[in-house]
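Okay, structure first, notes after.
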Amino acid sequence: MNNSVGNTARLIGAGLRALLVLTIVCGVLYPLAVTGIAQALFNDKANGSEIKDQSGNVVGSSLIGQRYDLPKKDPNDADEAARPDLKWFQPRPSNGLGSNSVNTQYSLLLSGATNKAGDNPDLVKLVEDAKEAVVADNSTATHKVDPRDVPADAVTSSGSGLDPNISPEYAKLQIHRVAERHGLDTKQVEKLVADHTRGRTLGFMGEPRVNVLELNTALKALTEN
């Protein structure tokens, strides 16, 4: 009987010691080491790839796409369609899984694709309407957009619906409209797009891209100077 109690006590003691050691190693030392290495070597990425404006205020993350819309005419009307603010470069469409239904104070897009087939009538109409809007929105008094020049990313959403990047072709298509709205020379805006165009990762992975938030942040700085 005494041996049984003693053995049980020793097992419990060994288990508690193992729990304490593993808690310190896995719950304290390892997280501190990983956090320290991340902050030292990858500070920007570890903190969310934040983008700041001229004043040092965080305006968003380079990893998450943002919309640039005009304020709603009626802030309480959840069904009012969003109207793009054409002063700014526009991102890809955000045709994800819909809006959140839990917190109605914020209209958040749920990440995800539409999961509609390429010949789905609803998707076809969505793309056709988007193409018409892109042509109409980006045509100016001195520059008419050819519908054949509208790239695929201008009328389709990404798999997540939150892609922060657009193709250089879509960025260039918006140059005349943005320049006109801000009273800038098109050459200035062309240079801005060129400066924010990134090539393929390591020269062969992915596609050339332009981060919309970074581009619009630079555009804002240019117009305020």
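Is it fair to say P84 is in the same structural domain as S158 (by TED's automatic domain parsing) and in contact (Cβ under 8 Å) with a residue 12 or more places away in the chain?
Criteria met by P84.
Just wondering, is there one or more residues in the range 170-185 that are among the aromatic types (F, W, Y) and in contact with a strand residue (DSSP E or B) (Cβ under 9 Å, 6 or more places away or on another chain)?
Yes, the range 170-185 has at least one match.
Collect the residues in the range 122-171 that are under 21 Å from the mean Cα position of the chain (by Cα) and among the hydroxyl-bearing types (S, T, Y), keeping them in residue-number order.
Those that are under 21 Å from the mean Cα position of the chain (by Cα) and among the hydroxyl-bearing types (S, T, Y): T156, S157, S158, S160, S167, Y170.
Which residue pairs have Cβ atoms closer than 6 Å, lie 6 or more positions apart in sequence or on different chains, and pair a first residue in the range 122-138 that is assigned by TED's automatic domain parsing to the domain that holds R181 with a second residue that is part of a helix (DSSP H, G or I)?
V134/A154; V135/P147; N138/L173; N138/R177
How many of the residues in the range 55-71 are over 18 Å from K45 (Cβ atoms) and touching a Gly at 6+ places or on another chain (Cβ under 9 Å)?
Number of matching residues: 1.
Hey, any hits in the range 35-53 for a residue that's among the small types (G, A, S), outside any helix (DSSP H, G or I) and under 30 Å from L219 (Cα atoms)?
Yes, the range 35-53 contains a residue that is among the small types (G, A, S), outside any helix (DSSP H, G or I) and under 30 Å from L219 (Cα atoms).
Scanning for something more than 24 Å from E180 (Cα to Cα), part of a helix (DSSP H, G or I) and modelled with pLDDT of 80 or more, does the range 109-122 turn up at least one residue?
Taking every residue of the range 109-122 in turn, at least one turns out to be more than 24 Å from E180 (Cα to Cα), part of a helix (DSSP H, G or I) and modelled with pLDDT of 80 or more.
Conditions: (1) within 22 Å of V212 (Cα to Cα); (2) small (G, A, S); (3) assigned to a helix (DSSP H, G or I). G13 meets all but one. Number of the miss?
Condition not satisfied by G13: (1).
The values are calculated or read from the model by the stated rules, or taken from the named source; none is laboratory data. All values derive from a computational prediction rather than experimental measurement. Positions of Cβ are generated from backbone atoms using ideal geometry, with glycine treated the same way; all protein chains shown enter the neighbour counts.
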